[in-house]
Amino acid sequence: MRIIPLITALCLAAAIIPAHAADTFKVCADPLNPPYSSQKEDGFENKIAALFAQQLGQKLEYTWFAQRIGFIRNTLTAPIDERDTKDDAYKCDIVMGVPDGYDLTLNTIPYYQSTYVLLIAKGRGWDDIKAAQELTALPLARQEALKIAMFDRGPGTTWLQKNALLDQGIPYQSMSGDQENNTAMEIARDLKAKKIDMVILWGPMAAYVTAQSPKNSFTVIPMQSTPGNKFEFAMAMGVRKGDKARKAQLDKLITANADKIQAIIAKYHVPLLPISKKSIKDDD
């Protein structure tokens, strides 16, 4: 038996796994949130969580809760027993996707960056549109015929407002509250039903929508950020505030698996951008 390699391996494991860590990789996730996560564990966040758990030699465990108002309070910071708030006594430890700079969690370094896109269904009279700004220059009669999804919040709605197109918007909730259809599923369904013809949608969600229809059913136009209207965002993972050891562990895993992570997300056809240097910062 070769003792030295075994000792070396154990030392490396100890370096990446905090002393307080249990043998379970506990993830807080939405049970129906394609393409990110689902109880079938077929979302890209599920795949990345499985990769990390396997590399740590830990069992992957989920706490499922719809990703809406109160998600963090009911998962990441919710103790199993209100009388016991030791680190291993919380329902779950990691949120696999939070915006870089999210203020309810301690965040890892970002692991991907995407952008909002203008998604236009082909064959409905809008195939000549090659840039979002062209919508603002359309004759009034064509503008009035627009059926574009408009959310209660987000950069897409800001863009519509700035470009005097709010009256052509068809309202949707950012969080549907529907236990059988999340927002991306609802948009995909209504595009097929021709209730809407286009939508300004976050890249991963747009990728899911396009995957639900035959290839080349949509024109996909990346939105361009302008002062006061940002469309490109980096995404990180979130842990409880103060949980610096777990953040450091995840930072190491993200760095070591950067290529694998990008490959996993690319399989879902998410529009990926280089992670901007200003997004890579110390969150301590």
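The values are calculated or read from the model by the stated rules, or taken from the named source; none is laboratory data. Everything numeric in this text was worked out from a predicted model, so none of it was measured. We place every Cβ from the backbone using ideal geometry, glycine too, and count neighbours over all the protein chains shown.
Remarks
- Subset of the range 29-45 (residues that are without any contact (Cβ under 8 Å) to a residue 60 or more places away in the chain, outside any loop (DSSP other than H, G, I, E, B) and surrounded by fewer than 22 Cβ atoms within 10 Å (Cβ to Cβ)): 38
- All positions within the range 47-65 that are touching a residue at least 24 places away in the same chain (Cβ under 8 Å) and in a helix (DSSP H, G or I): 47, 48, 49, 51, 52, 53, 55, 56
- Evaluation of residue 207 against the conditions (1) in contact (Cβ under 8 Å) with a residue 24 or more places away in the chain; (2) surrounded by fewer than 22 Cβ atoms within 10 Å (Cβ to Cβ); (3) within 16 Å of the chain's Cα centre (by Cα) shows that the sole unmet condition is (2).
- Selected residue [out of contact with any Gly (no Cβ under 9 Å at 6 or more places or on another chain) and part of a loop (DSSP other than H, G, I, E, B)] from 221, 264, 254, 196: 196
- Residue tally, condition acidic (Asp, Glu) and either in contact with a helix residue (DSSP H, G or I) (Cβ under 8 Å, 6 or more places away or on another chain) or in contact (Cβ under 8 Å) with a residue 60 or more places away in the chain (or both), over the range 129-162: 1
- Condition check for residue 274 on (1) in contact (Cβ under 8 Å) with a residue 40 or more places away in the chain; (2) surrounded by 13 or more Cβ atoms within 10 Å (Cβ to Cβ): one failure, at (2).
- Condition met for residue 217 (over 18 Å from residue 151 (Cβ atoms) and modelled with pLDDT of 95 or more): yes
- Tally of residues being touching a residue at least 60 places away in the same chain (Cβ under 8 Å) and among the aliphatic types (A, V, I, L, M) across the range 177-195: 3
- Flag for residue 26 being surrounded by fewer than 18 Cβ atoms within 10 Å (Cβ to Cβ), at pLDDT 95 or above and more than 15 Å from the chain's Cα centre (by Cα): no
- Contact annotation: residue pairs with Cβ atoms under 8 Å, 6 or more positions apart or on different chains, pairing a residue in the range 89-117 that is at positive phi with a partner that is surrounded by 23 or more Cβ atoms within 10 Å (Cβ to Cβ), are 101/107.
- Flag if residue 106 is of a type in the set (A, V, I, L, M) and over 30 Å from residue 256 (Cβ atoms): no
- Scanning the range 98-142 for residues that are outside any loop (DSSP other than H, G, I, E, B) and of a type in the set (Phe, Trp, Tyr) gives 112, 116.
- Tally of residues being part of a loop (DSSP other than H, G, I, E, B) and either in contact with a Phe, Trp or Tyr (Cβ under 7 Å, 6 or more places away or on another chain) or of a type in the set (Ser, Thr, Tyr) (or both) across the range 199-218: 2
- Scope the range 226-281; condition more than 27 Å from residue 155 (Cβ to Cβ) and modelled with pLDDT under 95; matching residues: 242
- For the range 116-125, the condition of being surrounded by fewer than 22 Cβ atoms within 10 Å (Cβ to Cβ) and of a type in the set (Ser, Thr, Tyr) holds for none of the residues.
- Filter pass, residue 34 being modelled with pLDDT of 50 or more and either of a type outside the set (Asp, Glu) or under 30 Å from residue 184 (Cα atoms) (or both): yes
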